[in-house]
Amino acid sequence: MYRSWPALWRRLALIFLGAALLGWITGLLLPFLLLAALGCLGEQLWRLYRLDRWLKGGPETNPPRAGPIWAEVIAQFARLRRQSRKRKRKISRLLEQFQQATAALPDAAVVLGEDDKVIWCNGASQVLLGLSPVQDIGLPITHLLRHPGFVAFLNQRRLEDSVEFPSPVDDALLLGARIVPYGKKQRLLLATDISRVRRLEQMRREFVANVSHELRTPLTVITGYLETLLDSDSPALAGWGQPLHCMQQQSRRMLHIIEDLLLLARLESQKERPPLKPVAVPALLADIADDAIALSGEQGHQITVAADSGLWILGCEKELRSAFSNLVVNAVRYTPAGGRIEIHWFAAADGIHLAVEDNGEGIAPQHIPRLTERFYRVNRDRSRGSGGTGLGLSIVKHVLNNHGGQLRIDSELGTGSVFTCDFPAELRVEPAKAPARNGMGFR
Ligand code: ADP
C-alpha cells in the first residue's frame, strides 16, 4: 500500500501545479486552486461511494476499478473477504459435523443458559426427556421437567452428584442425569437411560438373595446334625471327632457368609426399609463391648467405651447393632492379644460420631479405598482364619448409607486404625424415659 502514496502525491502535485499555472496566466489563482481541490475531493468521494456499494453488494459483485491507494485498499478488502468466506465455510462444516455427532448421541444433551432456560437440545432429549428443539427453546427446564428430585438436584450446585428420575415420556425408563457447568453461567444437562443397568443390578441382588435363601435351610440342617454327632458318645464315631469338628467349623462359616449376604440384600433393598425409631446407642455399645470382651477371651484386649449417655439417634437398632458390632469385632480380630480398643460415641459441631480405635496391625494406604467392597480382604488367609466373611465393612457402609451417614477409615500400618461412622446431627433424638445402662465414662 505504501508504494502508492508517492504516486498519489505526484498526481496531486501535478494537478495543483497545473491549476496554479492556469490561475497565474488568467489572474484567477485562488478560484483555480479551489476548483482543483474540489475536483480531487469529488473524485475521492466518488471512489468511496463505489467502494461502499461493492462492500454492501453480494459476494459475486466485481470490485470497482480505482486509482492508486484505492486499488490497494480494494485488493486488501477482497483478500479479507475471501479469507472470511473460507473461515465461514469451515465453521459451518464443523457445526454440521457437531450437530450430526450430537444427533447420533444416545444420551440427552441440553444446554441451559441463565435461569436454567433451554438454549439448545439434541435429538435424544426429545426421546428421553420429551423436549422439543423448536418449541421449548427459551423456556426454563423446570417448567418442562417437573420431577421434584430433579428440581431439587438442579438447585443444589454440587458437581459430583447425579440424580435418578423416571422419564416424563415413559415411566418405565429410568434416567440418570448430571449437570456440567461451562462458559459464563451456562450448564450442560446430560441424561442417560439407566433402566437396563438398574434392572441388571436388581437381578443380581435377587439372584444372590435367592441363592443364599435356598442354601440356608440345607446348611442349617447339616450344622444341626453335625452338632448332634459331635455331642454323641457312640463308639461308631470314635476317631471321627477331628473331621466332624472341622466340618462343623466350615459349615458355620458358610452359614455366617449366607447370613451376611442376606443382610446385605435386605440393606440394599429400598422397598423393605424398616421404620426409624429412637435407638439407645450407649446401651447398645455396652452390649457390643461385652460380646467383644467375650470374643477376646484369653487374648485380654483392653476394651473401653466412652459414650455420651444422653446421645440417642433415630435409626434401625438391628442394622446399627450389626454395623457397630462388625467394627468392634474387626478391632478385636486384627489387634494382637493385650491390645487397646477404644469405642467413642459423641456429638460434635459437624454431626454425631462413633469411633472405634485400635492399636492393632493397621492397614496399608493402598487397601483403604477398597475395604468396603464385598469380599475385599487385605490378607485372605488371615481373615478366614479369624472367622471373617469379607462382608463386614460392606455391611457397615450400607447401614450408614441408609442412615444418611458415611464411614471414614484412618489407619497406619503397624500403628493401628480408627474407623469412624459419621451421622447427620438431625438424627439426634431425646432419650426415651428408660434407665440408661452406662453413663459417660470408661468401662
Ligand atoms: P473380614 O470379614 O475379612 O474382616 P471386613 O469387610 O470386615 O471383612 O474387613 C475387610 C478387611 O479390612 C479385612 O479383611 C481386614 O484386612 C481389614 N480390616 C478391617 N478392620 C480392620 C482393623 N480394625 N484393623 C486392621 N485391618 C482391618
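The values are calculated or read from the model by the stated rules, or taken from the named source; none is laboratory data. Everything quoted here is computed from the prediction, not taken from an experiment. Note that each Cβ is placed from the backbone with ideal geometry, even for glycine, and that neighbours are counted across all protein chains shown. Accessible surface areas use protein heavy atoms only, side chains included; no ligands, DNA or RNA. Shrake-Rupley method; radii C 1.70, N 1.55, O 1.52, S 1.80 Å.
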Mind checking which of Gln44, Gln135, Gln99 has the largest fluctuation in a GNM of the chain, springs on alpha carbons under 10 Å? Gln44
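Find, among the trypsin sites (Lys or Arg not before Pro) in the range 142-217, those assigned to loop by DSSP (not H, G, I, E, B) with at most 12 other beta-carbon atoms within 10 angstrom. Intermediate values should be presented prior to the final figure.
Numbers: sites: Arg146, Arg157, Arg158, Arg178, Lys184, Lys185, Arg187, Arg196, Arg198, Arg199, Arg204, Arg205, Arg216; in loops: Arg146, Arg157, Arg158, Lys184, Lys185.
Answer in residue order: Arg146, Arg157, Arg158, Lys184, Lys185.
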Could you tell me the accessible area of Leu129 in Å² (1.4 Å probe, neighbours in place), rounded to the nearest ten? 10 Å²
Using alpha carbon centroids, what distance separates the range 171-202 and the range 12-53, in Å? 75 Å
Ranked order, His301, His344, His143 - accessible area, probe 1.4 Å, largest first: His143, His344, His301
Ignoring ligands and nucleic acids, what accessible area does Ile409 show with a 1.4 Å probe (Å², nearest 10)? 30 Å²
Given a Förster distance of 45 Å, the FRET efficiency implied by the Cβ-Cβ spacing of Arg340 and Arg196, rounded to the nearest 0.05, works out to 0.35
With the crude spin-label approximation of a point 7 Å out along Cα→Cβ, what separation in nm comes out for Glu227 versus Val211? 2.7 nm
Rounded accessible area of Ser162 (nearest 10 Å², 1.4 Å probe): 80 Å²
Calculate the spin-label point distance for Val151 paired with Ala425, positioning each point 7 Å from the Cα along the beta-carbon direction, and give it in nanometres. 2.9 nm
Any chance you could give the angle, 0 to 90 degrees and rounded to 10, that helix 29-56 forms with the longest Cα principal axis of the chain? 40 degrees
To the nearest 0.05, how large is the calculated FRET efficiency for Gln250 and Gln100 if R₀ is 45 Å and r is the Cβ-Cβ distance? 0.15
Taking only protein heavy atoms and a 1.4 Å probe, the highest-to-lowest accessible-area order of Glu357, Glu319, Glu164, Glu430 is Glu430, Glu164, Glu357, Glu319
Defining a contact as two alpha carbons under 8 Å apart and six or more residues distant in sequence, what relative contact order in percent does the chain show? 10 percent
Taking the Cβ-Cβ separation of Glu114 and Ile91 as r and a Förster radius of 30 Å, what is the calculated FRET efficiency to the nearest 0.05? 0.75
Whole-number percent relative contact order across the range 287-417, with pairs defined as alpha carbons under 8 Å at least 6 apart: 25 percent
Going residue by residue through the range 348-362, the Karplus relation 6.51 cos²θ - 1.76 cosθ + 1.60 with θ = phi - 60° gives ³J(HN,Hα) values, rounded to whole Hz and with x marking Gly or Pro, of 10, 4, 9, x, 10, 9, 10, 10, 10, 10, 9, 10, x, 6, x
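Please arrange Asp350, Asp287, Asp136 by accessible surface area, largest first, computed with a 1.4 Å probe and ligands excluded.
Largest accessible area first, the list is Asp350, Asp287, Asp136.
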